[in-house]
Amino acid sequence: MYENYREDISLVQIANHVNLNSFYFSKMFKKKTGETFSDFVMKVRIEQAKKLMQDDRLNLKEINYEVGYKDPNYFSRVFKKYANESPKQFRSKLINR
């Protein structure tokens with residue numbers, strides 16, 4: 001998942017890939033990682049977005065697409081939920097260091 005976070009990853013696809021029932025895979029994933037599959041994917045994407053924000057040649061819309069989100073508004077909401085600040089606020093802090 002760390003290599004394919006840009007793709008449209010679904011729990012069903014991953015479960016099928018490893019020949020498991022999606023419900024069982026979901027349960028096992030949560031047991032092993034302590035978080036849901038969707039929360040894990042979100043975390044990977046947002047952490048990668050934070051790294052990309054250090055490159056001031058990329059705008060936030062480009063970063064949004066680079067980490068697998070198709071809707072910049074949704075990306076912004078997810079980022080804020082995870083990082084407790086908007087992508088713009090986070091990047092502003094990086095630049096003003």
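No value in this document is a laboratory result; all are computed from the given coordinates. Small disclaimer: the values here were computed from a predicted structure and weren't measured. Quick reminder, even Gly has a Cβ in these numbers, built from the backbone with ideal geometry, and neighbours come from all protein chains shown.
Go through F79, F29, F90 for me and flag whichever is in contact (Cβ under 8 Å) with a residue 40 or more places away in the chain and aromatic (F, W, Y).
Testing whether each residue is in contact (Cβ under 8 Å) with a residue 40 or more places away in the chain and aromatic (F, W, Y) leaves just F90.
With the checklist (1) under 12 Å from the mean Cα position of the chain (by Cα); (2) over 18 Å from P72 (Cβ atoms) in hand, flag the one item K50 doesn't pass.
The failed condition is (2).
Scan the stretch 1-41 for residues that are among the hydroxyl-bearing types (S, T, Y) and farther than 20 Å from K70 by Cα and jot them down.
S22, Y24, S26, T33, T36
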